[in-house]
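Working notes, beginning with the structure itself.
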Amino acid sequence: MIDDFLDGSLSEVEEAVRKAAAVEVMPRWRQLATHEIVEKTGPHDLVTVADRAAEAHLTASLTALLPGSVVVGEEAVHADPAVYDALHGEAPVWIVDPVDGTWHFAHGDPGFCTLVALALRGEVLASWTFAPAREEMAVAVRGKGARLNGAPIRAGSPRPGEALRVATSHPDYTTPDQKRALLGLDTEGVQARPCGSAGLEYLAVARGELDAVAFSWEYAWDHAAGLLLVTEAGGAHTTLAGSPFRVTGGNALPFTAARDAATAARIRTLLRAR
């Protein structure tokens, strides 16, 4: 059933993602009133009326496209953490981040995107990364490659001898042990900086503009779409324990995704050095 759906409905999912952004997100960009922006856990963790409306829109449209499927969305899980348990179930799961990079969205910056991934029994099968303010749509299908605005993309490999460009977790969202691990990137040959939208950082790795990411949190909606995108573009990912990242959780953190396997292994070694 899922294979048939992926063979025939990729464009319909893309259209659903585009429509949710067009109807619920972009009309509110740079138009938000103060009361339409709310802090969740801190000043860098925001939710807006656009996040909630876009997730509701996508929940309705995606489950209509694939009857029997369920949605694990960031805002639904915030309201009811038990929703996250669907990742361990037997039904196909849409993993949704309606506005990834909400801080940027709320501050009028174009560095935000909508992330959608389709998973079954913990395996991510397809993903859509849509940056509406940049008019960029990246689509990946397991075993069939990655495309940006319809054109194939490849991550390639870093140039020998050049410093690795790495985006990392914001210090506000790391434990003391994770901070210590990330300090391993403070070394010659690495240029590390705090990340923006996780989805756009993954896209930058997939298109070869960024060499790696190193993240210390594992919410599926932030990572499912981007990890498949990077993998299908020829990249690799690994947790601190040396195993692939699992969207169902229980990962040894921090983890990394990189342009190639050698770079992923190098970042992991640095993270384990402290």
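Between residue 170 and residue 7, the FRET efficiency from the beta-carbon distance, with R0 = 41 Å, is close to 0.55. Subtracting the Cα-Cα distance of residue 151 and residue 19 from 0.36 nm times their residue separation leaves 45.4 nm of extension gain. Looking at region 47-154, the GluC sites (Glu not before Pro) that sit in a DSSP loop and have at most 10 other Cβ atoms within 10 Å of their own Cβ are 90, 135. Axis angle, to the nearest 10 degrees, between helix 220-232 and the longest C-alpha principal axis of the chain: 70 degrees. How big is D, in µm² s⁻¹, for region 43-170 by Stokes-Einstein at 10 °C and 1.306 mPa s if Rh is the Kirkwood radius over C-alpha pairs? Reported coefficient: 97 µm²/s.
Provide the gained length on full extension for the span residue 269 to residue 187, in nm with one decimal, where the gain is 0.36 nm per separating residue minus the Cα-Cα distance.
Here the segment from residue 269 to residue 187 would lengthen by 28.3 nm.
How much of the accessible area of the chain, probe 1.4 Å, is carbon plus sulfur, in whole percent? The partial results should precede the final answer.
Values: 6060 of 11850 Å².
Carbon with sulfur: 51 percent of the solvent-accessible area.
Close amide H partners of residue 260, meaning residues 5 or more places away or on another chain with modelled amide H under 5 Å apart, are 236.
Rolling a 1.4 Å probe over the heavy atoms of the protein chains gives the chain an accessible area of 43 Å² per residue.
The values are calculated or read from the model by the stated rules, or taken from the named source; none is laboratory data. Nothing here was measured: the structure is a model prediction, and the numbers come from that model. Glycine also receives a Cβ, built like all others from the backbone with ideal geometry; neighbour counts cover every protein chain displayed. To get the accessible areas, we keep the full protein, side chains included, count just its heavy atoms, and leave off ligands, DNA and RNA. Shrake-Rupley method; radii C 1.70, N 1.55, O 1.52, S 1.80 Å.
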